[in-house]
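Colleague: Got a structure for you, written out below as structure tokens; questions coming shortly.
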Amino acid sequence: MANGASPTRAPWAFLIISLIVHYLDALWRYGTSAGTHWDLWAGAFAVYFLIGWYAMTQPAFDHINKKGIFVITAFAYVWGPLWSALPSFFPGFSAYAALFLVVAPVWPAVTLLTARAEGKMFRFVSACYVTLWIILLLFSLQPQIQEYASQQSDILPGSLTPAQALTYALSSTVEATTGFFKVMFIQAPSRMIDEAKRSWAAATGDYYTGQVDAAAQKRLGVYLGQLRPSESVFYANTPVSVYTTITAETLDKPLTIRVSCDATPQTLPVIILGTTIDVPTIPVVLETEPVPATTIRPQDTFEVITADQFDVDCIWSKDKLRPAPYTIKLKTDFDFSTRAYKKLYMISRDRLREYRRQNVDPLAQVPDRNAPAIYTSGPLRVGIGTQQEQQPNALVQPIAIGERNEPLPTWGITLQNAWEGKVLEITDVFIFIPEGITVVDPEGAKAWAKADCKALTEEEQVACDDALVDVYRLTQEELALSWYRNLTTKTIRVHVEASDPEKILGRAPLAVQNFKANVHYRYGLERSLTVSVRNATTT
Amino acid sequence: MKKTIILVVLVLMLAGCRFMGERKDTLQLPEVNIGTQGVELSFSPGSPPPEVYENSPFTMLVTLSNLGTSDIEEGVYSTSYDKQYLYVSPQQAIGRYRVRGKSIFMPQGDERQVALRFDAKALGPQMQRYPALIAFNTCYPYTTTAPVIACIDTDFTGRERNKVCVPQPQALPQGQGAPVAVASVEQRMLPHELPNRVIPEFVLTLQNKGTGDVVSAPLFREACSGRPLGEDGWNMIAVEAMLADDLLTCTPTPVKLKKQGDTKVVCRAQDGIEARGTYTELLTVTLNYGYINTITTQVNIVKPLV
């Protein structure tokens, strides 16, 4: 058994041979049955017998007796068919069957985990293997991996070809790795930065909250479904097609949605990973320019009047994409608007003082005295509030109205991206101030310009009355600032004063007023997908 | 047979006597001078509707029920609402009313109904709902009249035997048919500088037992407007007390009602009364003030969704 070799020598040759045997077995025998492919099954039996015999010659396996080696050999022989059969009894395993088949071959696993061999390299490879296994197991628990697996409807136990299994493992690995890197190095830092910005703004009293209209029956905006490939494998001489479903809902105002698609060859590390596993079909492509889709069906611009749902196909004609893995992106952008309001209760300052002295609560019967700003459903969160609200136990409502031209608490409007897409551009911001209150620009900051209801869109004009509100518009100079591009969080401050207290208060003890804002913006949503385009097939 | 007939007649006569005895109940007059309510506000059922469509009218019916004993000759009301989302004509939003109080002829009190026709305005794009607040305020002058049987005991020496009454504090927990009530009366006799006279003194405890706020009677109209009333406009009550036909001197008057704790007013006959033993006498306390009540509701303006 010792065969004259050093008992501590690393069984590199055995490892490589057992790996080759495993993958060849997976390629040929996986998904077949012994009855129909008896030759394959008999051949595999002979090969695994040889592997077992070879193992017995390895000093690294001296600690395993012959019976043990026989059991491992038998297990290695049934490992592939086991993953064909197991999901039939345990459907939950179907998504991971191919993954386990590929990443956990029995003999290589036994070798790397149990072989008694010296040498730093062998221990390093063993450690890498264990790490890879743990990572893949963790990935397999991720919902996006499970979702990916469930989408591959053609990957079913018993119908899997070894090539499909390998492709699946490859795409799972690429997807998982890409997803992991995206989450770890792009999304998480981005969220952290956003959260840090928001926290900083809140800490400095520059963040005003709002609440989406909870009673709204309709979820307004544009929603993209998962982007899916029309085929599991694409070839260079066939069109490449991906599709998704766009759902859009709007009220009153028609919504125009623009769609674009492009395919970008993946960068080097991924290509190497791809080519390593799928060398015969995927050569290295170094171009990284995105290739726009040749056709977007049914069209690249949609107009939604109220609610609609449509399927969009992005197609690259044959030979448009060269053999390589591609990241395909479907982008939509649309003009949208969010309206927000904050209810205000106003009272004469002298009267409020009197109430407080008498320990009378003028809002005792008002059910929503401290209601936050409410904004309409959509991708932008619009919060409205006063600086006073930032203080703990602040008595914010009712707002005391004093003498003419006396400054009122400064208002803030916080715009915050609420969805996963991008606020590409803020195109217009209108605020509606109760009559009798005037916006002032201290120190000559001309952020707000007086406008009127006619400046609004036709749909908005029906809810605007110049006799009741003063309309102000954020100036184009202000909107041209970089803050309003790819916005995550931005607070716009509004300095106001009571120019006509009598108009504000009216003829009742309590004046019920409203501070409103309309924000118009262009929003972008994106879905991406990795596909592999292979060399043209002739069969 | 004769015996039987006589027996039956006797039984019937006896039964008749028993029924006659039951009918001796006299007609009881309703007790109207109790309670702690003034004008109570309520919305008529289904009014305003909890939900209305934008650009549509709706009616809000408010019932003003005078559940106290004081007649209101000139009550006023005003309405607070969100003008950006609701419209009601200014003539309807503010108004006056008269409503009689409880009496033995109308023990349940009178009521008035105010109908306000609102128009829900357009919500604007993307908005599906707006909860609009409507507050209805009523302000009125009111009077509390509290008759109290006081025990006047001018016998300091205690020589008199078999006194008709013993002076002791009286609690009046049921109220006097008005939101501000005399909660209790304590009495004592103070010596006068003249030997045959005593000074009766009454300590009145006043409380606002209603759900609204007390304002100074002359300023009740302003209370329903947005104007300030001034420091002395709130919780001021004018107090007057009569012992039989003698007007007592009350201090302080007007009195400022404390929000917490008891508000005490001392009323006494400064000139004193003649010491003539122990007897009961009618003490009538009258409180004059303005009162403000508010009722609120929320109407959800919704967009008819397809």
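The values are calculated or read from the model by the stated rules, or taken from the named source; none is laboratory data. Just so you know, these numbers come straight off a predicted model, no measurement behind them. Ideal geometry is used to build each Cβ from the backbone, glycine not excepted, and the neighbour counts take in all protein chains shown. Just the protein is used for accessible areas: all its heavy atoms, side chains included, with ligands, DNA and RNA removed. Shrake-Rupley method; radii C 1.70, N 1.55, O 1.52, S 1.80 Å.
Colleague: Averaged per residue, what accessible area in Å² does the range B:190-238 show with a 1.4 Å probe, protein chains only?
Modeller: Numbers: 2020 Å² over 49 residues.
Here the residues of the range B:190-238 average 41 Å² of exposed surface.
Colleague: Rounded to the nearest 20 debye, what is the charge dipole size of the range B:245-290 about its Cα centre when +1 sits on each Lys and Arg Cβ and -1 on each Asp and Glu Cβ?
Modeller: That gives a dipole near 440 debye.
Colleague: When 1/r is averaged over all different Cα pairs and the result inverted, which Kirkwood radius in Å belongs to the range B:49-166? Could you put the intermediate results ahead of the total?
Modeller: Details: mean 1/r = 0.0542 Å⁻¹.
Radius from the Kirkwood sum: 18.5 Å.
Colleague: Now, a different point. Against the longest principal axis of chain B, how steep is helix B:2-22, in degrees 0 to 90 to the nearest 10, with axes from Cα atoms?
Modeller: 70 degrees
Colleague: Return the lysines within reach of A:LYS182: Cα separation strictly under 23 angstrom, same-chain partners fewer than 8 residues apart disregarded; answer none if there are no such residues.
Modeller: A:LYS197, A:LYS329, A:LYS331, A:LYS422
Colleague: Show the residues, 5+ positions off or on another chain, whose built amide H is closer than 5 Å to the amide H of B:ARG197.
Modeller: Residues meeting the amide H criterion: B:HIS192, B:ALA275.
Colleague: Amide H to amide H under 5 Å from B:ARG100: which residues, 5+ apart in sequence or cross-chain, H placed 1.01 Å off N in plane?
Modeller: B:ILE72, B:ASP110
Colleague: Kindly state, as a whole number, the per residue volume in cubic angstrom of the convex hull around the alpha carbon atoms of the range A:429-494. Don't skip to the end; give the middle numbers.
Modeller: Details: hull volume 7.0 nm³, N = 66.
Cα-based convex hull of the range A:429-494, divided per residue, equals 105 Å³.
Colleague: Okay, next question. To the nearest 20 debye, what charge dipole does the range B:222-306 have about its Cα centre, counting +1 at the Cβ of each Lys and Arg and -1 at the Cβ of each Asp and Glu? Don't skip to the answer; put the middle values down first.
Modeller: On the way: 8 positive and 10 negative charges, 134 e Å.
It works out to roughly 640 debye.
Colleague: I would also like to ask the following. Report the Cα-based extents of the range A:423-539 along its three principal axes, largest first, to the nearest Å.
Modeller: Largest to smallest, the principal-axis extents are 87, 33, 25 Å.
Colleague: Now for a different question. If you take every residue apart from B:THR251 with its C-beta less than 14 Å away from the C-beta of B:THR251, what net charge results, scoring Lys and Arg +1 and Asp and Glu -1?
Modeller: Numbers: positive: B:LYS256, B:LYS264, B:ARG268; negative: B:GLU201, B:GLU240.
Here the charged neighbours net out to +1.
Colleague: Further question: Using only Cα atoms, locate the centre of the range A:220-239 and the centre of the range B:143-203, then give the distance between them in Å, rounded to an integer.
Modeller: Centre-to-centre (Cα) distance: 95 Å.
Colleague: Okay, next question. So how exposed is A:THR438, as accessible area in Å² (1.4 Å probe, rounded to 10)?
Modeller: Surface open to solvent at A:THR438 totals about 40 Å².
Colleague: Apply the Karplus curve 6.51 cos²θ - 1.76 cosθ + 1.60, θ = phi - 60°, to the phi angles in the range A:504-513 and return the couplings in whole Hz, x for Gly and Pro.
Modeller: 5, 7, x, 10, 10, x, 10, 9, 9, 10
Colleague: Here's something else I'd like to know. With label points built 7 Å along Cα→Cβ from the Cα atoms of A:HIS37 and A:GLU231, find their separation and express it in nm.
Modeller: Taking the two extended label points, one gets 2.3 nm.
Colleague: Carbon-plus-sulfur fraction of the accessible area of chain B, 1.4 Å probe, in percent?
Modeller: Values: 8440 of 15540 Å².
Solvent-exposed carbon and sulfur of chain B make up 54 percent of the total.
Colleague: Using the basic label-point model (7 angstrom from Cα toward the beta carbon), what is the B:GLU201 to B:ILE104 distance in nanometres?
Modeller: Here the answer is 3.7 nm between the modelled labels.
Colleague: Follow-up question, since we're still on this one. Using alpha carbon centroids, what distance separates the range A:471-539 and the range B:245-306, in Å?
Modeller: 55 Å
Colleague: Using protein chains only (no ligands, no nucleic acids) and a 1.4 Å probe, work out which residues of the range B:70-87 have their accessible area cut by at least 50 Å² relative to the chain alone.
Modeller: B:SER80, B:GLN84
Colleague: What does the average come to when, for each residue of peptide B:226-234, you count the partner chain Cβ atoms lying within 10 Å of its Cβ?
Modeller: Values: counts 15, 7, 9, 6, 3, 5, 1, 3, 6.
Rounded to a whole number, the mean comes out at 6.
Colleague: While we're here: Evaluate Rg over Rh across chain B, taking Cα atoms for both radii and Kirkwood's formula for Rh.
Modeller: On the way: Rg = 27.9 Å, Rh = 23.4 Å.
Answer for chain B: 1.20.
Colleague: How big a patch of accessible area, both sides summed and in Å² to the nearest 100, lies buried between B and A at a 1.4 Å probe?
Modeller: Working: alone 17580 and 27940 Å², together 41500 Å².
Buried surface at the B/A interface: approximately 4000 Å².
Colleague: For B:THR280, which sequence-distant residues (separation of 5 or more, or a different chain) have an amide H within less than 5 Å of its own amide H, given hydrogens modelled in the peptide plane?
Modeller: It is B:ILE152, by chain and number.
Colleague: Quick check for me: using +1 on Lys/Arg Cβ and -1 on Asp/Glu Cβ, what's the dipole size of the range A:399-455 about its Cα centre, in debye to the nearest 20?
Modeller: Values: 5 positive and 9 negative charges, 19 e Å.
Dipole about the Cα centre, nearest 20: 100 debye.
Colleague: While we're looking at this one, here's another question. For a quick check of understanding: with a 1.4 angstrom probe and all protein chains in place, what accessible area in square angstrom does A:MET184 have, to the nearest ten?
Modeller: About 90 Å², rounded to the nearest 10.
Colleague: By the scheme Lys and Arg +1, Asp and Glu -1, what is the net charge of all other residues having a beta-carbon under 15 Å from that of B:GLN92? Kindly include the intermediate steps, with their values, before the conclusion.
Modeller: On the way: positive: A:ARG507, B:LYS83, B:ARG96, B:ARG112, B:ARG117; negative: B:ASP119.
That works out to +4.
Colleague: Excluding A:PHE122 itself, what net charge comes from residues whose Cβ is under 13 Å from its Cβ, given Lys and Arg +1 and Asp and Glu -1? If you can, show how the numbers build up before the last one.
Modeller: Numbers: positive: A:ARG9, A:ARG116, A:LYS120, A:ARG123; negative: A:GLU118.
Overall, the nearby charge balance is +3.
Colleague: Moving to a separate point now. From the Cα trace of the range B:48-104, what convex hull volume per residue do you get, rounded to a whole Å³? Please report the intermediate quantities before stating the final value.
Modeller: Details: hull volume 5.8 nm³, N = 57.
Taking only Cα atoms, the range B:48-104 has a hull volume of 101 Å³ per residue.
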